[in-house]
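The values are calculated or read from the model by the stated rules, or taken from the named source; none is laboratory data. Remember, predicted model here, so these are calculated numbers, not experimental data. Cβ atoms come from the backbone with ideal geometry, glycine included; neighbour counts cover every protein chain shown. Heavy atoms of the whole protein, side chains included, go into the accessibility calculation; ligands, DNA and RNA do not. Shrake-Rupley method; radii C 1.70, N 1.55, O 1.52, S 1.80 Å.
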Amino acid sequence: MPALPIAQRLIRKGDWSGPAEPCTLDYDERFLRRKRLSTDDGRDFIVDLAQSTSLDDGDALELEDGSRVMVCAAAEEVLIVTGPDLPRLAWHIGNRHTPCQIEANRLVIQNDPVIAHMLEHLGASLAPALAPFTPEGGAYGHGRTHGHDHGASAHAH
């Protein structure tokens with residue numbers, strides 16, 4: 001059995017162009033370090049990054065042969081949050097360290113019944129949807145909001 005091609009280089013959205021095979025992953029699947037993946041057309045490959053990384057929709061993984069695989073955010077069950085005071089609702093979502101996609105007139109979160117119940121009590125309107133989930137990456141750049149590793153930050157512990 002031939003060895004699978006390996007991707008050790010991540011190129012962020014906007015920093016690359018040209019052809020690429022799509023690989024559709026949901027929010028949880030887009031957080032990885034080393035994993036076997038398949039493109040949407042069934043081509044298997046290995047991702048082997050230096051550290052656990054949050055991949056964003058539109059990023060590319062470069063394989064050993066120079067070909068690229070484009071990361072695509074999969075549609076998944078989300079809640080569309082609207083209401084008269086979105087900044088207040090966003091604060092409560094963030095206070096629970098819940099990933100949140102922030103848009104001009106709505107917030108998008110993963111479908112979580114506990115958070116949904118809290119938001120309803122705060123006056124939010126909720127609508128379930130099936131859509132790509134691309135939340136904010138956190139205050140220190142790309143990444144997940146649940147960690148505490150700030151990299152080069154203004155404070156030290």
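Toward the positive end of the charge dipole of the range 44-135, with +1 on the Cβ of Lys and Arg and -1 on the Cβ of Asp and Glu, the farthest Cα among A60, Q110, V71 is that of Q110.
Put a plus charge on the Cβ of each Lys and Arg, a minus charge on the Cβ of each Asp and Glu, and nothing anywhere else: the dipole of the chain about its Cα centre is then about 380 debye.
Taking the C-alpha atoms only, the angle from helix 86-95 to the longest principal axis of the chain is near 60 degrees.
Spin-label model, A90 to N105: label points 7 Å out along the Cα-to-beta-carbon direction sit 1.6 nm apart. Considering only beta bridges that DSSP places wholly inside the range 6-126, some 75 percent are antiparallel. With protein chains left intact and a 1.4 Å probe, residues in the chain average 59 Å² of accessible area per residue. Volume per residue of the convex hull around the Cα atoms, evaluated for the chain, comes out as 147 Å³.
Over the residues of the chain, the helix contribution to mean residue ellipticity at 222 nm works out to -3500 deg cm²/dmol, using -39500 (n - 2.57) for each DSSP H run of at least 4.
A crude spin-label estimate for the pair L130 and F31, with each label 7 Å from Cα along the Cβ direction, gives 2.5 nm.
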